[in-house]
Amino acid sequence: MEKTDKKKIEEFIRVDHAGERGAIKIYEGQLLALSTIVNNENLKKTIKDMKKHEEEHCNFFESEIKKRDIKPTKLLPLWDLLGLGLGFGSTILGKKAAMLCTASVEEVIDDHYKNQIDQIGMDEKILKNNIIKFREDELHHKDIAYNEGATKQGFYSIMDKVIKTGSKLAIKISEKV
């Protein structure tokens, strides 16, 4: 059995930890907007439910970071701030924008996790199985977002591109820094 490159595994765990924490911060920003400016109790419940999955994912990667003595990305405070801002800003633009934020991020994460799954060998079975499960959760979040009104029509197509570009950039940076 071929062993998965240790450096690669460290990058995967570092970036996945940052990404799951970022997702929590996006949802926290959305919930802040929903608790102060925007009134939509149904959307608030939907976001709280999705946030629970992200917390489960983040806790797993937090545990892996500690267990394997991996340094988290140095940019966590920046990602936290940007996540909160993205969540808050998308939500004050309305439900379609808030849900597009989720859909856009989840589409990037789908490809990201699939790429990792393809590279992780069976010597890392627990890590691989967790990423497979987390990817399924993220795909479910994407489906919820589209069912709740996410769209890429008009202005939203620009928003989609900006969010996806930012997500991909954060992934590349967090793998290394």
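Where is the GNM fluctuation largest for the chain (alpha-carbon springs, 10 angstrom cutoff): Lys52, Lys152, Lys125? Of Lys52, Lys152, Lys125, the Gaussian network model singles out Lys125 as fluctuating most.
Strictly greater than 20 Å: what percent of every Cα pair in the stretch 6-176 meets that?
That tail contains 48 percent of the Cα-Cα pairs.
Applying the Karplus relation 6.51 cos²θ - 1.76 cosθ + 1.60 with θ = phi - 60° to the stretch 105-112 yields 3J(HN,Hα) values of 4, 5, 5, 5, 5, 4, 5, 4 Hz, where x marks Gly and Pro.
State whether the stretch 34-85 is rounded, prolate or oblate according to the following rule on the C-alpha gyration tensor (a ≥ b ≥ c being the square roots of its eigenvalues): a/c under 1.5 gives rounded; otherwise a/b larger than b/c gives prolate, and the remaining case gives oblate.
Working: a/c = 5.96, a/b = 1.83, b/c = 3.25.
Here the stretch 34-85 falls in the oblate category.
Helix 155-176 and the longest principal axis of the Cα set of the chain meet at an angle near 30°. Which of Ile13, Ile24, Ile70 ends up with the largest GNM mean-square fluctuation for the chain, with Cα atoms connected below 10 Å? Residue with maximal mean-square fluctuation among Ile13, Ile24, Ile70: Ile70.
Taking a ≥ b ≥ c as the square roots of the eigenvalues of the alpha-carbon gyration tensor, the stretch 45-123 is classed prolate because a/c is 1.5 or more and a/b outweighs b/c.
Across the chain, the relative contact order, built from alpha-carbon pairs under 8 Å that are at least six residues apart, equals 32 percent. Along the charge dipole of the chain, Cβ charges K/R +1 and D/E -1, which of Phe155, Ala103, Ala145 sits furthest on the positive end? It is Phe155. Taking Lys96, Lys45, Lys25 as the candidate residues, the one with maximal mean-square fluctuation in a Gaussian network model of the chain, Cα springs under 10 Å, is Lys45.
Any read-out appearing in this document is the output of simple, stated calculations on the displayed coordinates, not a laboratory observation. Being a predicted model, the structure only gives us computed values, none of them experimental. Glycine also receives a Cβ, built like all others from the backbone with ideal geometry; neighbour counts cover every protein chain displayed.
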